[in-house]
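Accompanying notes for the structure given below.
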Amino acid sequence: MFDRETIEIFLAKVPDLRNPWRAALTVLYALVLAVVCGAFFYFIDRLGTYGPLISQAAMCLVVTAISIIHFVLASAYREKYGAMAYRYFFYHLMIPYLVTWYACFFHPLFVSGSQLLPLWLAVFLGLAFLILFFLTSLQIERAGFHSITHGMDVYTIFPEEATVVRGEIYGYVRHPLYLSLMCGTLALAFLRNNGMALLVALLLLIPSLAAGYMEDRELIERSGQEHKEYVHNTPALVPVRRLGGFLKLLFSFKE
């Protein structure tokens, strides 16, 4: 997941992280944003019964807005900053994008409410979705997706440098990364075992589908008809018609 080559590629794009002090300031920047997100959830969630839904919906819209902006402005960053474009992109957009996304991801874990399911069933479903989260992530990695480069959208700025991501999992769903994140947040909601937490988790579909749409649009611009056909033939997140084959792939640990 974090091999030396991909780390070096990333550090070449954000050389500030080679400096311990600047790296520490970067972490501090991310932590401040995380605290702001946490405070927002804390105060809005306490407003009433639907507070968690309101706060999650608002934060998901923020994530969606950042997602759209960061795709739209990618070429402008490259034109303005050249070889150092990703450095500015990372600090201006990627860190806020990731922090707000994962704030939404973990939010269900802190949502209280009346017990929804028998404890044994809630734990079973929580663990089942957690296993799906890890197995899907494993298949993504085996397909050639690297969290430190592909996952940080380095190739959104420099598409000509993109390495090939090709694996059987992409024959079932176009955006397995967002599927894995949905499985993860649903796992947290089931472990929390209340209806409000589950609804809050499902709202993560908003930025997931929006980001998937923007990625597909970008890839259609690059690949044309080939990707259009892929979009037509392959579901975005859930392989409903081929669910059995998809689960078999995950649990066979096949590369």
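The values are calculated or read from the model by the stated rules, or taken from the named source; none is laboratory data. Because the structure is a prediction, the values reported are computed rather than measured. Note: ideal-geometry Cβ built from the backbone for every residue, glycine included; neighbour counts use all protein chains shown.
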Check: Can you spot a residue in the stretch 217-224 that is of a type outside the set (K, R), more than 30 Å from I54 (Cβ to Cβ), assigned to a loop (DSSP other than H, G, I, E, B) and at pLDDT 90 or above?
Finding: no
Notebook entry, point to check: Any residue in the stretch 6-17 that is among the aromatic types (F, W, Y) and farther than 20 Å from T156 by Cα?
Noted result: no
Next item on the list: Restricting attention to the stretch 210-242, report how many residues are β-branched (V, I, T) and either touching a strand residue (DSSP E or B) at 6+ places or on another chain (Cβ under 8 Å) or free of Cβ contacts under 8 Å to residues at least 40 places away in the same chain (or both).
Entry: 2
Notebook entry, point to check: In the stretch 9-23, how many are surrounded by 11 or more Cβ atoms within 10 Å (Cβ to Cβ) and assigned to a helix (DSSP H, G or I)?
Noted result: 10
Margin query: Among the residues in the stretch 86-96, are any among the basic types (K, R), touching a Leu at 6+ places or on another chain (Cβ under 7 Å) and part of a helix (DSSP H, G or I)?
Written below: no
Next item on the list: Tell me, please, whether a residue that is over 18 Å from the mean Cα position of the chain (by Cα), modelled with pLDDT of 95 or more and not charged (D, E, K, R) can be found in the stretch 59-68.
Entry: no
Next item on the list: Scan (1) touching a residue at least 12 places away in the same chain (Cβ under 8 Å); (2) of a type in the set (F, W, Y); (3) under 30 Å from H227 (Cβ atoms) for the single condition Y155 breaks and write down its number.
Entry: (1)
Checklist line | Residues being polar (S, T, N, Q), closer than 19 Å to L138 by Cα and out of contact with any helix residue (DSSP H, G or I) (no Cβ under 7 Å at 6 or more places or on another chain) - total across the stretch 156-198 | finding: 1
Notebook entry, point to check: Within the stretch 36-59, how many residues are surrounded by fewer than 11 Cβ atoms within 10 Å (Cβ to Cβ) and not charged (D, E, K, R)?
Noted result: 3
Next item on the list: Run down E168, E160 and say which single residue is free of Cβ contacts under 8 Å to residues at least 40 places away in the same chain and of a type outside the set (A, V, I, L, M).
Entry: E160
Margin query: Looking at the structure I just gave you, is P96 within 24 Å of M214 (Cα to Cα), at pLDDT 95 or above and not hydroxyl-bearing (S, T, Y)?
Written below: yes
